[in-house]
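Everything below concerns the one structure shown next.
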Amino acid sequence: MQRELLRKTYYYDLPEELIAQTPIEPRDHSRLLCYNRKNGEISHKHFYDIVDFLKSGDVLVINNTKVLPARLYGYKSETGAKIEILLQKRIDLKNWEVITKPAKRLSVGTEIVFNENIKCVVTEKGDYGACKVRFDYKDSKSFEEHLLEIGTMPLPPYIKQKLKDQSRYQTVYAKVDGSSAAPTAGLHFTPDLMQKLKDKGVEVLEVLLHVGLGTFRPVKEDNILNHEMHSEYFEITKEVADKINKAKSEGRRVVAVGTTSVRVLESGVDENGKLVPQKRETQIFIYPPYKFKMVDALITNFHLPESTLIMLVSAFIGDIDKTLDLYKTAVEEKYRFFSFGDAMFIE
């Protein structure tokens, strides 16, 4: 079998102490490993140095999704047994796809109570704790208002420490509620840094992709082609599509902030290489030797071994061995890894 299709190809050793448990303050003081694909040059900077690497005329594409307080704790109305629910994807106003824990205690029709005003009923059961539920609430508050009362930030399982400031798991440009996880490459930006980039002539454009918990799901299949990719909702407006198409036609760089922005841009291209305005789900799975159609440079965090995200980064770098070498360098230099960790800039 081709090496790029084997899950184990994307494995690397990571000491547990390098998994970042808390965010760096200020946001833009995280470290930045910069890699130039043309000349192979590597440099070690801080994130605020990204201003020196982006040029006037570059288009910086950010994902303006906002993380919901999607982890809920309730109890079964019949027995009082505690149940944890993670909101995964909204179906309509009251119905959601969720992950439940412990799943064995639930069956279709089980009622879960969160407080005196809001509860849900299991309407469908799937595998690995996946369920569909319908929420019911007595008062006139919106579902989002209830979530602020009963929900907590859905931090990934590798983060063991409690987050003191919930806003640190949101980007400073988060706008549209809907994600179960943060687009973490964007966590390094501050309002001041965004302004410096704009002052330099960098065009900042917003797309939307609601990040699902499948983002953290490791690939289990030995052959990655057998991995079932999670589906995520995205939007590209006509204004943004027009501006990006103009930039590409003028030879200006499109710089994606994070793998979520990459997934939007590469999902939204038509057969003529043009970005098309749209609102839909994507299950795009990017792995070597994928040919990128829209993205010229990438800002990204360091991702889990054998994850779809490190496969995407390997495809962008264009060399699996080079990708693993860069990760090995990051380990040796004691970079911080994963959601609250440091970043890479690949151009």
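The values are calculated or read from the model by the stated rules, or taken from the named source; none is laboratory data. Remember, it's a predicted structure, so these values are computed and weren't measured experimentally. No Cβ is skipped: glycine too gets one built from the backbone with ideal geometry, and neighbour counts run over all protein chains shown.
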Exercise for review: May I ask you to list pairs of residues, at least six apart or on different chains, whose Cβ atoms are under 8 Å apart, with the first in the range 227-243 being in the same structural domain as Arg217 (by TED's automatic domain parsing) and the second being in a loop (DSSP other than H, G, I, E, B) and charged (D, E, K, R)?
Suggested key: His227/Lys220; His227/Glu221; His230/Arg217; Ala241/Lys274
Check your understanding: In the range 247-265, how many residues are in contact with a strand residue (DSSP E or B) (Cβ under 9 Å, 6 or more places away or on another chain) and either part of a helix (DSSP H, G or I) or free of Cβ contacts under 8 Å to residues at least 24 places away in the same chain (or both)?
Key -> 10
Review point. How many residues are under 9 Å from the mean Cα position of the chain (by Cα) and either hydroxyl-bearing (Ser, Thr, Tyr) or more than 27 Å from Glu145 (Cα to Cα) (or both) when one looks only at the range 181-215?
Key: 3
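Go through the range 140-179 and report how many residues are polar (S, T, N, Q) and closer than 22 Å to Ser261 by Cα.
Filtering the range 140-179 down to residues polar (S, T, N, Q) leaves 140, 142, 152, 161, 166-167, 170-171, 179.
So of that shortlist, the ones also closer than 22 Å to Ser261 by Cα come out as 167, 170-171, 179.
Residues meeting the conditions: 4.
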Point to revise | Some residue of the range 4-14 being in a helix (DSSP H, G or I) and in contact with a Pro (Cβ under 6 Å, 6 or more places away or on another chain) | key: yes
Practice item. Please enumerate the residues belonging to the range 313-323 that are hydrophobic (A, V, I, L, M, F, W, C) and within 21 Å of the chain's Cα centre (by Cα). Key: Val313, Ala315, Phe316, Ile317
**Study point:** Residue check, Ser30 touching a strand residue (DSSP E or B) at 6+ places or on another chain (Cβ under 7 Å) and free of Cβ contacts under 8 Å to residues at least 12 places away in the same chain
**Key:** no
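Report whether or not Glu281 is without any contact (Cβ under 8 Å) to a residue 60 or more places away in the chain, of a type in the set (Asp, Glu), surrounded by fewer than 24 Cβ atoms within 10 Å (Cβ to Cβ) and not in a loop (DSSP other than H, G, I, E, B). Give the steps one after another, and end with the answer.
On the way: without any contact (Cβ under 8 Å) to a residue 60 or more places away in the chain: yes; of a type in the set (Asp, Glu): yes; surrounded by fewer than 24 Cβ atoms within 10 Å (Cβ to Cβ): yes; not in a loop (DSSP other than H, G, I, E, B): yes.
The answer is yes for Glu281.
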Review point. Of the numbered conditions (1) of a type outside the set (Gly, Ala, Ser); (2) more than 20 Å from Leu187 (Cβ to Cβ); (3) touching a helix residue (DSSP H, G or I) at 6+ places or on another chain (Cβ under 6 Å), Glu78 satisfies every one except a single condition; which is it?
Key: (3)
Study note, to complete from the structure: If we keep only residues of the range 92-111 that are surrounded by 13 or more Cβ atoms within 10 Å (Cβ to Cβ) and of a type in the set (Val, Ile, Thr), then the residue farthest from Leu155 (Cα to Cα) is Thr110
Exercise for review: Name the residue, out of Leu298, Leu304, that is farther than 13 Å from Asp13 by Cα and among the aliphatic types (A, V, I, L, M).
Suggested key: Leu298
Point to revise | Residue in the range 130-147 that is of a type in the set (S, T, N, Q) and touching a Lys or Arg at 6+ places or on another chain (Cβ under 7 Å) present | key: no
Review point. Can you name every residue in the range 212-228 that is crowded, with 18+ Cβ neighbours inside 10 Å and within 19 Å of Phe337 (Cα to Cα)?
Key: Leu213, Gly214, Thr215, Phe216, Val219
**Study point:** Meets criteria (touching a residue at least 60 places away in the same chain (Cβ under 8 Å), under 26 Å from Ala174 (Cβ atoms) and of a type in the set (Asp, Glu)) for Asp296
**Key:** no
Study note, to complete from the structure: Exactly one of Asp127, Asp139 is under 28 Å from Gln170 (Cβ atoms) and either assigned by TED's automatic domain parsing to the domain that holds Ile85 or surrounded by 14 or more Cβ atoms within 10 Å (Cβ to Cβ) (or both), and that one is Asp139
Exercise for review: Could you tell me whether the range 337-344 includes any residue that is assigned by TED's automatic domain parsing to the domain that holds Cys34 and surrounded by fewer than 20 Cβ atoms within 10 Å (Cβ to Cβ)?
Suggested key: no
Study note, to complete from the structure: When (1) closer than 30 Å to Gln166 by Cβ; (2) exposed (fewer than 14 other Cβ atoms within 10 Å of the Cβ) are applied to Asn39, the one that fails is (1)
Practice item. With the condition kept exactly as written, say whether any residue in the range 69-78 is among the small types (Gly, Ala, Ser) and under 24 Å from Lys175 (Cβ atoms). Key: yes
Study note, to complete from the structure: Expected output for the range 334-347 (first residue closer than 17 Å to Ala297 by Cα, partner among the polar types (S, T, N, Q) and part of a strand (DSSP E or B), Cβ below 6 Å, 6+ apart or cross-chain) is Ala343/Asn301; Met344/Thr300
Point to revise | Neighbours by Cβ (under 6 Å, 6+ apart or cross-chain): first from the range 78-90, in contact (Cβ under 8 Å) with a residue 24 or more places away in the chain; second in a strand (DSSP E or B) and acidic (Asp, Glu) | key: Gln88/Glu97; Lys89/Glu97
